[in-house]
Amino acid sequence: MKYYLPRPAALRCVVTQILEEFERDGVVYLELRSSPKHTPHMTKTEYIDTIIDCIAAYPGAMTTRYLISIDQSKPLAEMQENADLAILYSSCQYVCGVDLCGNFYSANKDHSLEVLAKCKAAGLKIACHIAEDPAVADHTADLLRVIQPDRLGHATLIDPNSRDGRLVREKKMLIECCMTSNILCKSVPSYSAHHFKKWHDLGHPVLLCTDDSGTFDTSLTAEYEKAVVCWGLSEADFREMNRRAVEWVFDEGVKERLRGLFLSG
């Protein structure tokens, strides 16, 4: 979510709209990812509380969890502040872990490693935006080896047969692929050349996601439709992709319910 939200009421309105849009699209489990923001009208704690309140009060059938984001382009003190908040809120049933995001060109590798190591030591599940540009190759390698994230966002430049790729495969780190986002950000040259298919054909855990659906004007259905057009994926392919990805859901209670959904369906 990349909106300037100066007041809790505005944030509440946007979050509720996002939840409604995803449920209308048929989504049964959603993760919202957003960096807590301090504005003249609310603290970071109020920001987090507002998102949690929206999730808790949402009347639909869709299950939603909040992944607190740590922006790697921010100063170390702010990264640490968000990590501390994620640790503080980790006992809340609606918070499921942390997400490393932000402009990697402005990132400090050592700061990212320090902050994520603290989160990992506290028992938090970790997702990382990673390997989106050759300029951050060393950053990618160290994050993979030192932190060993549970899930990888984008990972567009990790070749399955490279040293990094072999580690990803060995540790079974799920890759979250966002085709429209990658095309618009020019991190992949075309839909047909997207790395999703390469990892999917290897049987590696991989999942189609939307990234920021508002910014990139897409939906999960639209991402699935692109996969059908590019590679002829079938309903059975999507079902199996999602069934396998359930094992990388960070909330154990949700994971059990989703397993049951596949068994009953």
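The values are calculated or read from the model by the stated rules, or taken from the named source; none is laboratory data. Quantities reported herein were computed from a predicted structural model and do not represent experimental measurements. Cβ sites come from the backbone with ideal geometry, for glycine too, and all protein chains shown count toward neighbours.
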Yes or no: ARG151 modelled with pLDDT of 95 or more, among the basic types (Lys, Arg) and surrounded by fewer than 23 Cβ atoms within 10 Å (Cβ to Cβ)?
-> no
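Per-residue answers, yes or no, for (1) farther than 15 Å from LEU100 by Cβ; (2) polar (S, T, N, Q); (3) in contact with a Lys or Arg (Cβ under 6 Å, 6 or more places away or on another chain):
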| residue | (1), (2), (3) |
| --- | --- |
| CYS13 | yes, no, no |
| LEU19 | yes, no, no |
| TYR29 | yes, no, no |
| GLU46 | yes, no, no |
| THR50 | yes, yes, yes |
| MET62 | yes, no, no |
| ALA86 | no, no, no |
Among residues belonging to region 58-91 that are closer than 17 Å to HIS38 by Cα and of a type in the set (Gly, Ala, Ser), point out the one that is surrounded by the fewest Cβ atoms within 10 Å (Cβ to Cβ).
-> ALA77
Within region 184-197, is there a residue that is under 26 Å from LYS125 (Cβ atoms), in contact with an Asp or Glu (Cβ under 7 Å, 6 or more places away or on another chain) and crowded, with 17+ Cβ neighbours inside 10 Å?
-> yes
Hey, CYS54 hits all of (1) modelled with pLDDT of 95 or more; (2) in contact with a Phe, Trp or Tyr (Cβ under 7 Å, 6 or more places away or on another chain); (3) assigned to a helix (DSSP H, G or I); (4) under 25 Å from GLU223 (Cβ atoms) but one; which does it fall short on?
-> (2)
Yes/no for SER35 being surrounded by 15 or more Cβ atoms within 10 Å (Cβ to Cβ), over 21 Å from VAL246 (Cβ atoms), in contact with a Ser or Thr (Cβ under 7 Å, 6 or more places away or on another chain) and in contact (Cβ under 8 Å) with a residue 60 or more places away in the chain = yes
